[in-house]
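Reviewing the structure listed below.
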Amino acid sequence: MNPSKPFADLVWSDDGQPYSSQFDDVYFSRESGLEETRHVFLANNQLAERWEKLRAGERFCIAETGFGTGLNFLCAWQLWDQSAPPDTHLHFVSTEKYPLSAADMQRAAVLWPELALWSEQLLAQYSDLTPGWHQFQLDQGRITLTLLIGDLLDSLPLLDASVDAWFLDGFAPAKNPDMWQPALYAQMARLSRPGATLATFTSVGAVRRGLQDAGFVMRKVKGYGRKREMLAGTFAGSASAAWQAPWYARPAAPSLPQRQALVIGAGLAGCATAFALARRGWQVTVLERHAEPAQEASGNPQGILYCKLSAHQTPLSRFVLSSYAYALRVLHELLEQDGRQWQPCGVLQLPTSDKEAQRQQALADLGWPDTLLRLVDQAEASQLAGVATPSGGLWFEGGGWVNPPSLCQALLQHPNIQLLAHHQTLSLAASEYGWQALDHEGQILASAPQVVICGAADSLRLAPSAHLPLKAIRGQVTHLPATTASQALRTVLCAEGYVSPARLGEHHVGASFRFDRLDTQPSQEETESNLGLLLQLSPALAASLQVEQLDPASLPARAALRCTTPDYLPVIGPLVDAKVFRERYAELAKDASRQPTAGAPWLAGLHINAAHGSRGLISAPLSGELVAAWICDEPLPLPRDLAEAVHPSRFLLRELIRGRGRAGQA
């Protein structure tokens, strides 16, 4: 989607009510928006009665058309707190074509002081939203809000969810006819659980008939206030008979009542996965072979929130954008901005060529919110950075640097997580209970029904993930002692490499990319290369650091191995038996257009989260949410096409289609 019109265009009345200029309509009843929401959506979906009957560990999903001011969400959240038992989980998925700016959301929230307890938590995470999907974890993870920003006829077909109740909202059919049409009702039917309920403020006949045609049993009921009638209904249709790729289908949800999981590896991906499950009430054991978490690629003193985007909305760019926004929410929630843990000091991306400058211009011309990115000239770039830069570039106001070990430690602090250090998993064995993690002697380290492999390239040592094309890439970061003059650097500078503002008296420059060696001994050659990157980023900063007088052989450095894949996207999701997969879908090697119906050979309870490359700080937090959504049968936090773009089975599928699959291959 082109983000040229990113926000709702509001007019505020004298009594403080918002009015949409785009749709020439009100957001809610002028009599009482609160009571209208409670009558139309809460009461007519029988939410209080249904929620009181939920059992521990159960989930409930509401989907809404038109997030608007967030009033419906806040009222539902308030009722959830009043009605639902502890240890239950509410998912609220809402679409919005024109989201309110952060300033307008703040202004709207003032209208409902009785909702302040809930609106303050939302506003603490809400920022100017970009097109795409945004996830919010609220109330210590008891509430998940997923906002689909864009045209709902584009976003709903990509939603993977099972909806229990619908809030069919939005501007009136006469004001917004593009929304109220059969394509919407068909998507609602596709996403509804059997018996899902529906409520809407309108009683227009065309809407009622369209919903009936889609499989909803509709009835007219009393409307709110002066509105005589509204519609309510129940889904009585059947699941769609359309073919779905079995290799991307949902594995069967866990039937065991125990919510227990093992996570193998305590880097960023492993810690984020453990945290996502723990917030859902799972007891999680993290197995780490080192004495502490974040000892390998996640162990650098300063990692950069580097958000390289494309003007062409590639899968990688879309994935990075959603991940970046979620990572910032997690960082603001968990870490102190104390100069040690993280600093949202901003990131300046400087072009290295005329072609790169043109790419940056094309990206900026899409009209993103200034709070995400904007193009700055050389003078402003130098002012923002505090040091002279050789050019202007893209300014990411919300970015900055993070100490990855601090983030890992913060994620592991959840009381439902147990870290077992010095526990190296060398094999996995299926058992009646689920999976057993075994050491080099075959002794059981731990067992659980669910296991998530988060071992980066070392995941290849475990048989269930050995077929994945994971590749280790060496990277080295050089530590430079700060000088009085270099302390002027206020932002991260990056291009082909990066330099950070000083942390504890040191700047960090890097990082190299080496494909020809896989050791982790620091290299003078790579230190010299990093110093060359620094000279490109800012000759003035290099001079203030007295780079030419430094001895590369004596500078401290840290080398580690990143993990990546051939398409530079991570692998996140459920694992299959590779041998059986190749045999079961061998026909695709002859004709890729065939549509097999045999279910995928899932390794029940086994998932992977790995290969985040140099983007782990950005992508790991949302990847944990994606794994948890797969395991818990929740709405996926990414569009289905992106979830498939990072799915582990994509490589087996490509191998078959390209004719390289060999039935029986281990």
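Can you tally the net charge around L642? Count Lys and Arg as +1, Asp and Glu as -1, for every other residue whose Cβ sits under 14 Å from the Cβ of L642.
Values: positive: R318, R640, R650; negative: D154, D160, D567, E625, D641, E644.
Value of the local net charge: -3.
Determine the sum of side-chain charges near G170: Lys and Arg each +1, Asp and Glu each -1, restricted to other residues whose C-beta is under 11 angstrom from that of G170.
Numbers: positive: K97, K175; negative: D25, E64, E96, D169, D178.
Combined, the nearby Lys, Arg, Asp and Glu give -3.
Tell me, E583, E525 in order of fewest to most beta-carbon neighbours within 10 Å? Write down the numbers at each step before the final one.
Details: E583 15, E525 12.
Least crowded to most crowded, the residues run E525, E583.
Relative to the longest principal axis of the chain, what angle (0 to 90°, nearest 10) does the C-alpha long axis of helix 116-125 take?
Once rounded, one gets 40 degrees.
With contacts defined as alpha carbon pairs under 8 Å and 6 or more residues apart, what's the relative contact order of the range 69-181 in percent?
Values: 113 pairs, mean separation 33.1, N = 113.
Dividing the mean separation by the residue count of the range 69-181 yields 29 percent.
Could you work out how far apart the two model spin labels at E583 and W243 are, taking each label as a point 7 Å from the Cα in the direction of the beta carbon, and quote it in nm?
With each label placed 7 Å out from Cα toward Cβ, I get 2.3 nm.
In whole Hz and in residue order, list the ³J(HN,Hα) couplings for the range 577-592 that follow from phi through the Karplus curve 6.51 cos²θ - 1.76 cosθ + 1.60, θ = phi - 60°; x for Gly and Pro.
6, 4, 4, 5, 4, 4, 5, 5, 10, 4, 4, 5, 5, 8, 8, 5
Below 20 Å, Cα to Cα, which aspartates and glutamates can K227 reach? Residues fewer than 8 away in the same chain don't count.
Those aspartates and glutamates meeting the cut-off are D24, D25, E31, E35, E36, D169.
Calculate, for R594 and Q358, the FRET efficiency according to 1/(1 + (r/R0)^6) with r their C-beta to C-beta distance and R0 30 Å; round to the nearest 0.05. Write down the numbers at each step before the final one.
Numbers: r = 43 Å, r/R0 = 1.42.
So the FRET efficiency works out to roughly 0.10.
Take the Cβ-Cβ distance between S554 and Q121 as r, set R0 to 41 Å, and report the resulting FRET efficiency rounded to the nearest 0.05.
Details: r = 50 Å, r/R0 = 1.22.
The formula returns an efficiency of 0.25 here.
Rounded to the nearest 20 debye, what is the charge dipole size of the chain about its Cα centre when +1 sits on each Lys and Arg Cβ and -1 on each Asp and Glu Cβ? Walk me through the numbers before you get to the answer.
On the way: 54 positive and 65 negative charges, 376 e Å.
Magnitude of the dipole: close to 1800 debye.
Share of Cα-Cα pairs in the chain beyond 43 Å, in percent? Write down the numbers at each step before the final one.
Numbers: 58902 of 221445 pairs.
The proportion of pairs with Cα distances above 43 Å equals 27 percent.
Starting from the Cα of K579, draw a straight line to each of the lysines and keep only those under 26 Å, dropping any in the same chain fewer than 8 residues away.
Candidates past the 8-residue exclusion: K471, K590.
Rounded, prolate or oblate: which fits the range 10-242, taking a ≥ b ≥ c as square roots of the Cα gyration tensor eigenvalues, rounded meaning a/c under 1.5, else prolate when a/b beats b/c?
Numbers: a/c = 1.34, a/b = 1.10, b/c = 1.21.
Judged from the Cα gyration tensor, the range 10-242 comes out rounded (a/c under 1.5).
Would you please state which residues of the range 522-548 a label at E496 would reach in this model, taking the label point 7 Å out along Cα→Cβ and a backbone N cut-off of under 16 Å?
525-539
Using Cα-Cα distances under 8 Å and only pairs 6 or more residues apart, what relative contact order does the chain have, in percent?
Relative contact order here is 14 percent.
Is it possible to state the helix-based mean residue ellipticity at 222 nm for the chain, with each DSSP H run of 4+ residues giving -39500 (n - 2.57), the sum divided by total residues, to the nearest 500 deg cm²/dmol? What is it? Write out the running numbers ahead of the final one.
Values: 19 runs with 182 residues, N = 666.
Value at 222 nm, helices only, nearest 500: -8000 deg cm²/dmol.
Once amide H atoms are placed 1.01 Å from N in the peptide plane, what residues at a sequence separation of 5 or more from V576, or on another chain, have their amide H within under 5 Å of its amide H?
L603
Cβ under 12 Å from D104's Cβ, D104 left aside: what net charge do those residues give with Lys, Arg +1 and Asp, Glu -1? Write out the running numbers ahead of the final one.
Values: positive: R107; negative: D9, D128.
Local net charge: -1.
Charges only on Cβ, +1 for Lys and Arg, -1 for Asp and Glu: so what's the dipole of the range 238-386 about the Cα centre, in debye to the nearest 20? Write out the running numbers ahead of the final one.
Values: 12 positive and 12 negative charges, 145 e Å.
In total the dipole reaches around 700 debye.
Per-residue HN-Hα couplings for the range 425-438, Karplus 6.51 cos²θ - 1.76 cosθ + 1.60 at θ = phi - 60°, whole Hz, x for Gly and Pro?
Using θ = phi - 60°, the values come out as 8, 10, 7, 10, 10, 6, 9, 4, 6, x, 9, 10, 8, 10 Hz.
Taking the highest mean first, how do the peptides 196-205, 395-404 order by number of other beta carbon atoms within 10 angstrom per residue? Working shown, then result.
Values: 196-205: 20.2, 395-404: 22.9.
Peptide ranking by packing, descending: 395-404, 196-205.
Explain nothing, just the number: relative contact order of the range 10-242, from Cα pairs under 8 Å at least 6 residues apart, as a whole percent. Can you show the working numbers first?
On the way: 415 pairs, mean separation 45.5, N = 233.
Result for the range 10-242 is 20 percent.
What ranking, highest mean first, results for peptides 283-293, 299-309 when packing means the other Cβ atoms within 10 Å averaged over each residue?
Working: 283-293: 20.6, 299-309: 22.5.
In decreasing order of mean packing, 283-293, 299-309 become 299-309, 283-293.
Short version: ³J(HN,Hα) in whole Hz for each residue of the range 519-532, in order, from phi by Karplus 6.51 cos²θ - 1.76 cosθ + 1.60 (θ = phi - 60°), x for Gly and Pro, what are they?
Result, rounded to whole Hz: 8, 10, 7, x, 10, 5, 4, 6, 4, 4, 5, 5, 5, x.
Working out 0.36 nm times the residue gap between A430 and Q413, then minus their Cα-Cα distance, what length gain in nm do you get to one decimal?
Numbers: separation 17, 0.36 × 17 = 6.12 nm, distance 2.92 nm.
Here the segment from A430 to Q413 would lengthen by 3.2 nm.
D for the range 543-616, whole µm²/s, Stokes-Einstein with Kirkwood Rh over alpha-carbon pairs at 10 °C and 1.306 mPa s: what number? Working shown, then result.
Details: Rh = 17.0 Å.
Using the Kirkwood radius from Cα pairs, D works out to 94 µm²/s.
Read the figures in this text as sums done on the coordinates, not as results from a lab. Remember, predicted model here, so these are calculated numbers, not experimental data. A quick note on method: Cβ atoms are made from the backbone with ideal geometry, for glycine too, and the neighbour counts reach across all protein chains shown.
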